[in-house]
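The values are calculated or read from the model by the stated rules, or taken from the named source; none is laboratory data. If you're wondering where the values come from, they're calculated on a predicted model, not measured in any experiment. Counting neighbours? That spans all protein chains shown, and the Cβs are built from the backbone with ideal geometry, glycine included.
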Amino acid sequence: MLRDTYLQINLNKLKQNMDVIQNFIGKEVGLGAVLKANAYGHGALEVAEHLYKHGLNNFLVATLSEAVQLRKSNSNYHIMVMGHTPDSYLPHIIKHQITCTIFTLKQALILNELASNSNQSVTIHLKIETGFNRLGMQIKADTVSIIKQISNLTCLNLEGAFTHLALKNSESDQEQAHKFNSLMNQLEEHGINIPVKHIVDSIGMVLHPEMHLSMVRVGALLYGLQSEEKGPLEIKPIMRFLTKLSHQKTIEKGESLSYGLRYVSDKKTNIGTLPFGYSDGYPRNLYQKGEVTINHKRYPIVGVICMDQCMVDLGDDVYTDEEVIVIGDGEHCMSVDDLAKHAMTNKNDIVSRFTSRVPRVYVFN
Ligand SMILES: *Cc1c(COP(=O)(O)O)cnc(C)c1O
């Protein structure tokens with residue numbers, strides 16, 4: 001590591017979060033760990049390796065490229081792409097034995113043909129449209145017959161079917177689940193049994209236990225991302241963002257700093273410079289709202305946040321080599337939740353923004 005700014009990822013807490021989720025869903029329901037976007041910034045390869053070591057082998061990603069990256073690290077992983085894979089990339093699905101999401105007969109036929117040509121079979125999950133209107137097969141008069149055709153394709157293993165909730169309110173979630181479950185029942189009446197059915201993500205899992213079905217797809221909660229005031233599960237954040245001061249100086253009352261000299265100090269004070277900025281993924285609009293913690297004391301970020309650096313007002317305090325907590329997991333520091341609120345976005349957005357320039361350091365306690 002050649003930088004004082006880094007993300008510390010606690011793998012023990014990841015394992016504890018996994019245990020909490022598995023206890024919540026019970027033994028009959030499978031846990032699919034969502035590792036898209038570099039495991040929400042936490043490092044997909046390291047997260048997968050640790051979960052696998054503790055008995056979990058069901059990894060979900062958004063794109064083929066993420067799936068191939070995981071595959072290259074372990075040939076035993078069960079990996080599924082939840083998003084769309086364009087036709088021209090389907091050979092890679094077969095080559096790397098990735099479970100593919102399918103929502104058109106046309107793609108099913110292409111994939112079956114490719115698999116047949118290479119004497120292989122491919123596992124697929126059908127994505128069903130129930131109201132989100134993003135990806136999925138719309139439910140129409142001929143849907144059962146289309147799915148029947150897909151299930152008859154000899155080189156495709158129709159293992160699963162799923163949909164995704166819009167989470168508008170309980171009523172609309174129920175409506176989506178009802179559409180999905182009705183279709184599954186109709187398929188069963190026609191002799192098509194799809195073993196792995198799944199609907200919910202982290203929030204859906206907590207809100208709707210009756211929708212757990214065979215599997216839940218969980219990202220946020222694994223990483224401990226749950227609103228402090230709203231969360232019923234005993235999960236813990238697993239990420240901390242740490243750095244060290246790169247410079248300190250006293251400025252006089254009336255002196256200004258950073259771009260546009262927009263911050264004017266109303267007192268003689270000690271200004272600390274920190275070696276991180278918005279290009280590391282820290283939200284630039286946390287200007288006037290962000291705070292860091294040193295020795296259990298909070299200090300405000302002052303002045304415009306630069307690409308690689310920012311400044312904090314240390315008041316009368318002077319430090320030597322202390323750890324600076326930018327995002328922490330205790331009372332005295334800003335959490336991912338705090339950052340998300342101030343940046344007017346959600347927690348997943350905050351953590352998945354951290355760029356590759358910030359080293360990830362893995363710890364166990
Ligand atoms: C990202 C994603 C999830 C996981 O969402 P969380 O809220 O992080 O648990 C589940 N399902 C699909 C289809 C997704 O794209």
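Here are the numbers:
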read-out: Met215 vs. criteria over 30 Å from His42 (Cβ atoms) and within 16 Å of the ligand (Cβ to nearest atom); value: no
read-out: Only listed residue being more than 28 Å from Gly315 (Cβ to Cβ) and surrounded by fewer than 22 Cβ atoms within 10 Å (Cβ to Cβ), chosen from His247, His208; value: His208
read-out: Condition check for Leu165: surrounded by 14 or more Cβ atoms within 10 Å (Cβ to Cβ), within 13 Å of the ligand (Cβ to nearest atom) and farther than 18 Å from Val20 by Cβ; value: yes
read-out: Subset of segment 33-46 (residues that are part of a helix (DSSP H, G or I), of a type outside the set (D, E, K, R) and away from the ligand (no atom under 12 Å from the Cβ)); value: Asn38, Ala44, Leu45
read-out: Residue that is surrounded by the most Cβ atoms within 10 Å (Cβ to Cβ), among those in segment 323-348 that are touching a helix residue (DSSP H, G or I) at 6+ places or on another chain (Cβ under 7 Å) and more than 17 Å from Gly231 (Cβ to Cβ); value: Ile327
read-out: Residue match in segment 172-183 (condition: within 26 Å of His96 (Cα to Cα) and touching a residue at least 40 places away in the same chain (Cβ under 8 Å)); value: no
read-out: In segment 352-365, the residues that are more than 14 Å from the chain's Cα centre (by Cα), crowded, with 19+ Cβ neighbours inside 10 Å and in a loop (DSSP other than H, G, I, E, B); value: Val358
read-out: Condition check for Glu66: touching a residue at least 24 places away in the same chain (Cβ under 8 Å) and more than 16 Å from the ligand (Cβ to nearest atom); value: no
read-out: Filter pass, Gly260 being surrounded by fewer than 17 Cβ atoms within 10 Å (Cβ to Cβ), in contact with a strand residue (DSSP E or B) (Cβ under 8 Å, 6 or more places away or on another chain) and at positive phi; value: no
read-out: Residue within segment 299-317 that is surrounded by 16 or more Cβ atoms within 10 Å (Cβ to Cβ) and within 16 Å of the ligand (Cβ to nearest atom) present; value: no
read-out: Residue match in segment 230-240 (condition: modelled with pLDDT of 95 or more, of a type outside the set (A, V, I, L, M, F, W, C) and either more than 20 Å from Leu14 (Cα to Cα) or assigned to a loop (DSSP other than H, G, I, E, B) (or both)); value: no
read-out: Single residue of Leu207, Leu213, Leu242 found to be on the phi > 0 side of the Ramachandran plot and either within 22 Å of the chain's Cα centre (by Cα) or among the β-branched types (Val, Ile, Thr) (or both); value: Leu213
read-out: Test: residue in segment 11-32 that is within 19 Å of Val361 (Cβ to Cβ), away from the ligand (no atom under 16 Å from the Cβ), touching a Pro at 6+ places or on another chain (Cβ under 9 Å) and in a helix (DSSP H, G or I); value: yes
read-out: Odd one out for Asp173 among (1) farther than 14 Å from Gly30 by Cα; (2) outside any helix (DSSP H, G or I); (3) away from the ligand (no atom under 13 Å from the Cβ); (4) within 24 Å of the chain's Cα centre (by Cα); value: (2)
read-out: Total residues in segment 37-93, condition basic (Lys, Arg) and closer than 22 Å to Gly160 by Cα; value: 1
read-out: Hits in segment 47-63 (condition: out of contact with any Leu (no Cβ under 8 Å at 6 or more places or on another chain) and within 16 Å of the ligand (Cβ to nearest atom)); value: Ala62, Thr63
read-out: Criterion violated by Gln16 - all others in (1) touching a residue at least 12 places away in the same chain (Cβ under 8 Å); (2) under 23 Å from Ile98 (Cα atoms) satisfied; value: (2)
read-out: Wholly within segment 241-351, strands (runs of 3 or more DSSP E) carrying at least 3 residues that are β-branched (Val, Ile, Thr); value: 269-274, 291-294, 323-327
read-out: Scan of segment 201-212 for residues that are within 8 Å of the ligand (Cβ to nearest atom) and either touching a residue at least 60 places away in the same chain (Cβ under 8 Å) or in a loop (DSSP other than H, G, I, E, B) (or both), ordered by number; value: Asp201, Met205
